[in-house]
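A short reminder: the numbers here are calculations on the coordinates, not readings from a lab. Small disclaimer: the values here were computed from a predicted structure and weren't measured. FYI the Cβ positions are ideal-geometry reconstructions off the backbone, even for glycines, and counts take in every protein chain you see.
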Amino acid sequence: MNHLALVCRDFQETIDFYTITLGLKLIKNIDLPSGGKHFFIDIGNNNTLAFFWSTKAPESVPGISSVRPEAFLTGDIITAHGSMNHVAFHVPLEKLEEYKEKLVSKGVQTTPVLHHTDVPMSSFYFFDPNGILLEFAANLQSLDTLPAELKEKEAIFLK
């Protein structure tokens, strides 16, 4: 993936969350002709989260365009077709609890660490200030021990 483009409701609050709370780096900030902003947050491995901000953007509709805030603790994180459900960031397994504790100490509400039975992964979820559901996910198996179809491969487009 090169970047995922999202829409934020508050330009500065979003930058502060991703740079101060999560410790990521703002790498590009573009003023749009319409008066809005388009900015990029480095998430590592040559990937970015891109955000658009405009005073003309409509509000999100939790339960349709995004996960309902009260539902993330129950795991009922269903969203509409064509919507984005959540963004998962890979983190080292040995850092998962530490990252959760750091977020909680910064006032971010998280789920408990979940040990998924359907995939070899542990993770926890939390919201950014825009209501975008985020996940810190750690693989429980080395990529070397995963089945070949789950190992990282170069994407092949338009064969």
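Any chance you could list the semi-axes, whole Å, largest first, of the equivalent ellipsoid that the Cα gyration tensor gives for region 1-56, using √(5λ)?
Equivalent-ellipsoid dimensions as semi-axes: 18, 13, 9 Å.
Return, ordered by residue number, the residues of region 17-41 whose backbone nitrogen is under 13 Å from a label point located 7 Å along Cα→Cβ of His3.
26-32, 37-41
Considering amide H positions built from the backbone, and no H for Pro or chain starts, which residues 5 or more places from Ala88, or on another chain, come under 5 Å of its amide H?
Amide H to amide H, under 5 Å and 5 or more residues apart or across chains, Ala88 pairs with Glu135.
Tell me, in nm to one decimal, what length is gained between Val113 and Asn47 on full extension, where the rule is 0.36 nm per residue of separation less the Cα-Cα distance?
Here the answer is 21.2 nm.
Would you mind telling me the antiparallel percentage of the DSSP bridges in region 1-56, rounded to 5?
Among the beta bridges of region 1-56, antiparallel pairing accounts for roughly 70 percent.
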